[in-house]
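Here the structure comes first, spelled out in structure tokens, and everything after it is commentary.
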Amino acid sequence: MNLATARRLAVLGALLAMGTASADTLIHAGRLIDVDAGRAYNDRTIRIDGDTISAIESGFVTPGDGDTLIDLGESTVMPGLMDMHVHLTSQYSPSSNLDRFVLNEADYAFDAAMYARRTLEAGFTVVRNLGDTYNVTVALRKAIAAGDVPGPLIFTAAKALASTGGHGDPTNGWAAQFGADPGPNEGVVNGVEDARKAVRQRYKDGADWIKITATGGVLSVAKNGQNPQFTMEELEAIVDTAADYGLRVAAHAHGTEGMKRAVLAGVASIEHGTYMTEEVMDLMIERGTYFVPTIMAGNWVAEKAAIDGFFPELVRPKAAAIGPIISNTFTKAYRRGVPIVFGTDTGVSAHGDNAQEFALMVKGGMPPMEAIQSATSVAADFLEIGDTHGRIKEGYQADIIAVPGNPLEDITLMQDVSFVMKGGTIYK
Ligand SMILES: [Zn+2]
């Protein structure tokens with residue numbers, strides 16, 4: 001490019017910048033949920049400049065020349081939702097165990113891009129991905145951030161960490177002829193040195209979080225869904241090494257002993273928490289450990305356990321026993337004051353159905369406003385992005401959704417998200 005062309009382009013760029021600076025997007029919100037105040041306001045205008053909320057004004061402000069108006073006068077408007085437990089690379093089906101032998105990295109990547117779009121269109125603008133395959137969600141996070149594919153902002157743990165035969169051992173149930181004995185790079189840890197190596201490998205791979213399977217789980221092809229699967233020394237090595245790299249740890253846990261060890265080792269969240277005792281609840285309250293209930297996943301596996309042949313025979317009794325308990329645990333933990341943040345384990349159930357969790361939380365005793373807060377302001381603070389995300393407030397990222405009617409009166413309306421904006425761009 002010669003100098004004259006470069007100058008002309010610079011002038012053109014400046015003109016374009018002036019053009020966009022004067023044009024705002026205005027949203028007329030019939031009802032606006034203020035998650036900090038814990039209340040809704042009628043007839044508000046949200047002014048958006050680029051990717052940022054620049055003002056909240058009373059009444060329906062008339063747009064100026066060049067402004068874009070979005071009329072959500074009949075809707076309830078709130079911050080984009082956040083799901084703290086998803087698996088964007090998969091969706092459980094009777095063929096899931098076979099899939100591990102027939103799908104390649106690119107297959108997982110295309111599926112994940114599709115599931116990410118569905119998640120965003122369901123109103124979820126931020127997710128924490130707790131365990132994937134081939135580190136696909138690290139690449140997906142970058143592609144979404146670059147604007148190459150639509151999807152939520154992703155915080156990912158990449159491949160989860162387990163011990164040999166543990167819930168996240170990717171070779172569980174394989175025939176002996178495959179001879180698999182995976183190690184720390186594949187997410188299987190035995191002993192303190194392996195634990196440190198596995199965390200460092202995740203850091204190198206580009207993970208934002210560390211996910212561990214502190215006890216057995218429902219869907220792995222293994223007998224026990226509750227046994228503790230790490231020693232205290234291994235857990236401490238994982239949490240301490242993660243802290244060196246600025247990473248926090250999420251612990252899948254159903255059984256009490258493994259859950260208690262994980263809390264004592266200093267994990268940031270307990271996922272599922274099925275057999276959480278009052279002793280564990282009190283430890284979590286004391287240490288500020290969050291509970292991610294995933295009631296949906298419990299209900300879903302219990303429902304599917306009734307179908308002959310849906311699960312492998314080792315999985316079926318675990319699904320029938322563990323599934324129905326989670327909603328009772330949720331009620332007890334909520335009443336006792338355990339910090340709760342929204343999460344669904346979607347990828348067990350179908351992507352895009354995430355918002356069904358709200359109705360289950362409300363049924364379990366949580367008021368609708370608190371359920372919405374758990375998926376917005378509480379989740380943003382939990383992820384340490386509470387200064388920029390999770391609220392409709394001046395200076396915040398324009399992640400905004402709407403549902404028809406009033407979800408504070410009928411929480412199932414959260415499943416009817418009709419408008420999705422992420423970073424000032426409209427996706428639905
Ligand atoms: Zn999960």
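The values are calculated or read from the model by the stated rules, or taken from the named source; none is laboratory data. Everything numeric here is computed off the predicted structure, so don't read it as measured data. Note: ideal-geometry Cβ built from the backbone for every residue, glycine included; neighbour counts use all protein chains shown. Each accessible area value is taken on the protein alone, full model and side chains, heavy atoms only, with ligands, DNA and RNA left out. Shrake-Rupley method; radii C 1.70, N 1.55, O 1.52, S 1.80 Å.
Given a cut-off of under 8 Å on Cα pairs at least six residues apart, what relative contact order in percent is computed for segment 314-428?
19
Could you report the chain's accessible area per residue, 1.4 Å probe, as an integer in Å²?
Ligands and nucleic acids excluded, the figure is 41 Å² per residue.
Can you give me the angle between helix 192-205 and the longest principal axis of the chain, using Cα atoms only, in degrees from 0 to 90, rounded to the nearest 10?
Once rounded, one gets 30 degrees.
What is the distance in Å between the Cα centroid of segment 310-382 and that of segment 118-145?
Each part's Cα centre sits 20 Å from the other's.
Which order, highest average first, do 163-171, 294-302, 122-130 follow once you tally other Cβ atoms within 10 Å for each residue and take the mean per peptide?
122-130, 294-302, 163-171
Distances over 20 Å make up what percent of all Cα-Cα pairs in segment 239-360?
Cα-Cα pairs of segment 239-360 separated by over 20 Å account for 44 percent.
For LYS197, LYS422, LYS223, give the ranking by accessible area with the largest first, probe 1.4 Å.
Sorted descending by solvent-accessible area, the residues read LYS223, LYS197, LYS422.
Longest segment of the chain with no GluC sites (Glu not before Pro) in a DSSP loop having at most 14 other Cβ atoms within 10 Å?
It runs 1-312.
Nearest 10 degrees, 0 to 90: what angle lies between the long axis of helix 278-287 and the longest principal axis of the chain (Cα atoms)?
For 278-287 against the chain, the angle is about 50 degrees.
If you place +1 on the Cβ of every Lys and Arg, -1 on the Cβ of every Asp and Glu, and leave all else neutral, what size is the dipole of segment 215-287 about its Cα centre, to the nearest 20 Debye?
The calculation lands at about 280 debye.
Putting +1 on Lys and Arg Cβ atoms and -1 on Asp and Glu Cβ atoms, find which of PHE230, THR329, ALA265 reaches farthest to the positive end of the dipole of segment 207-336.
It is THR329, whose Cα lies furthest towards the positive end.
Sum -39500 (n - 2.57) across every DSSP H segment of at least 4 residues in the chain, then divide by the residue count to get the 222 nm mean residue ellipticity, nearest 500.
-10500 deg cm²/dmol
If I fit a long axis through the Cα atoms of helix 3-22 and take the longest principal axis of the Cα atoms of the chain, what angle between them do I get, 0 to 90°, rounded to 10?
Relative to the chain, helix 3-22 is tipped by roughly 90 degrees.
Please label the shape of segment 162-308 as rounded, prolate or oblate, based on the square roots a ≥ b ≥ c of the eigenvalues of the alpha-carbon gyration tensor (a/c under 1.5 means rounded; beyond that, a/b larger than b/c means prolate, else oblate).
oblate
With both bridge residues required to lie in the chain, what share of the DSSP beta bridges run antiparallel, to the nearest 5%?
Of the beta bridges lying entirely in the chain, close to 45 percent run antiparallel.
Please state the charge dipole magnitude for segment 134-261, taken about the Cα centre, from unit charges on C-beta atoms (+1 on K and R, -1 on D and E), reported in debye and rounded to the nearest 20.
With only Lys, Arg, Asp and Glu charged at Cβ, the dipole is about 300 debye.
Sticking to Cα atoms, compute the Rg of the chain to one decimal and its Dmax as the biggest Cα-Cα distance, whole number, in Å.
Here Rg and the maximum Cα pair distance are 22.6, 74 Å.
Considering only C-alpha atoms, what is the centroid distance from segment 42-93 to segment 194-219, in Å?
35
Can you find, among HIS87, VAL192, THR344, the residue sitting farthest towards the positive end of the charge dipole of the chain, where Lys and Arg contribute +1 and Asp and Glu -1 at Cβ?
So the residue furthest toward the plus end is VAL192.
So which of LYS260/LYS363; LYS223/LYS260; LYS318/LYS363; LYS304/LYS422; LYS159/LYS223 end up more than 29 Å apart, counting from Cα to Cα?
LYS304/LYS422
Please report the carbon-and-sulfur percent of the accessible area for the chain; probe 1.4 Å, protein heavy atoms only, DNA, RNA and ligands left out.
Carbon and sulfur atoms account for 51 percent of the accessible area of the chain.
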